[in-house]
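The structure appears right after this line, and notes come after that.
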Amino acid sequence: MRFPAASGILALLTDFGLSDHYVGVMKGVALSIFPDAKLVDLSHGVEAYSVEQGAFFLEQAWLRFPPGTVFCAVVDPGVGTARR
């Protein structure tokens, strides 16, 4: 399988919300690694722990981005549990 060349776009999808610093830190880390990245906030309002909703958002969006876009999706249904 041949992959398209990277577009420089990083699309972010999380269940973090926007009331704290976590989205900003995530963007800072991404820009520290790749300063020329074009960051796109797909959504940070996925319902907490809802992998299904996150998958739906990605399904609705990914075809509308240029080839080579990288999607970073963080929705963790195990946060706050006894899981190690």
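Every number in this text was worked out from the coordinates using simple rules, so none of it is lab data. Computed from a prediction, not measured in an experiment: that's the story for all the values here. Virtual Cβ from ideal backbone geometry, glycine too; neighbours counted across all protein chains shown.
Within the set of other residues whose C-beta is less than 15 Å from the C-beta of His44, count the net charge using Lys and Arg as +1 and Asp and Glu as -1.
On the way: positive: Lys27; negative: Asp15, Asp20, Asp41, Glu47, Asp76.
Here the count lands on -4.
The ratio of the alpha-carbon radius of gyration of the chain to the globular-protein estimate 2.2 N^0.38 Å is 1.16.
Charge dipole (Cα centre; +1 on Lys/Arg Cβ, -1 on Asp/Glu Cβ; no other charges) of the chain amounts to roughly 300 debye.
Principal-axis analysis of the Cα atoms of the chain puts helix 51-61 at an angle of about 20° to the longest axis. When the Cα positions of Trp62, Gly28, Ala5 are compared along the charge dipole of the chain, Ala5 comes out farthest toward the positive end, with charges on each C-beta of Lys, Arg, Asp and Glu. Angle, helix 22-33 long axis vs. longest principal axis of the chain, Cα atoms, 0 to 90°, nearest 10? Tilt of helix 22-33: around 30 degrees. The modelled label-to-label distance for the pair Glu52/Val70, using points 7 Å beyond Cα in the direction of Cβ, is 3.1 nm.
The alpha carbons of the stretch 23-63 give a radius of gyration and a Dmax of 12.3, 32 Å, in that order.
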